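Scroll down for the structure; my scribbles are underneath it.
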Amino acid sequence: MVLDRTRITPGIAVGDDRFHARWTTDSDDPFEALTAEIAVFALTAVTGHAAVLLHKCEASRCMLFFTRLDARQHWCSDVCGNRARLARSAKTNRESSTAQST
């Protein structure tokens, strides 16, 4: 694993009147340094303060997660939302046609 081979040092940078997390590595390999930085940001996303906003898409066949910034957001994209609404509509139509035929 990259994080086992590369020493990562956290730091704080100031910019745009805000503080930013900054990570430096001791690796001379740019690919390994980039991979380590991506791994740190991924770990921060799922364990940091924003982790409470991380939700699984509610579409039945979707496996993606997204950052829910609005309480009304249930899907990772418009495509998943459209598929879910279409499936719900088809189910309602099937149930109503079954009820009418009996």
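For this structure, a couple of remarks:
- Of all the options 65, 19, 31, the one that moves most in a Gaussian network model of the chain with Cα springs shorter than 10 angstrom is 19.
- Were the residues from residue 58 through residue 17 laid out at 0.36 nm apart, the gain over their Cα-Cα distance would be 11.0 nm.
- Between 0 and 90°, nearest 10: helix 30-47 axis offset from the chain longest Cα axis: 50 degrees
- GNM top mover of 40, 14, 52 - the chain, alpha-carbon springs below 10 Å: 14
- For the chain, cysteines whose Cβ has no other cysteine Cβ within reach (under 4.7 Å): 80
- Length gained when the stretch residue 99-residue 87 is fully extended (0.36 nm per residue, less Cα-Cα span): 2.5 nm
- Within the chain, helix-based [θ] at 222 nm, where runs of 4 or more DSSP H residues each add -39,500 (n - 2.57), nearest 500: -15000 deg cm²/dmol
Any read-out appearing in this document is the output of simple, stated calculations on the displayed coordinates, not a laboratory observation. Here the structure is a predicted model, which is why all the values come from computation and not from measurement. A quick note on method: Cβ atoms are made from the backbone with ideal geometry, for glycine too, and the neighbour counts reach across all protein chains shown.
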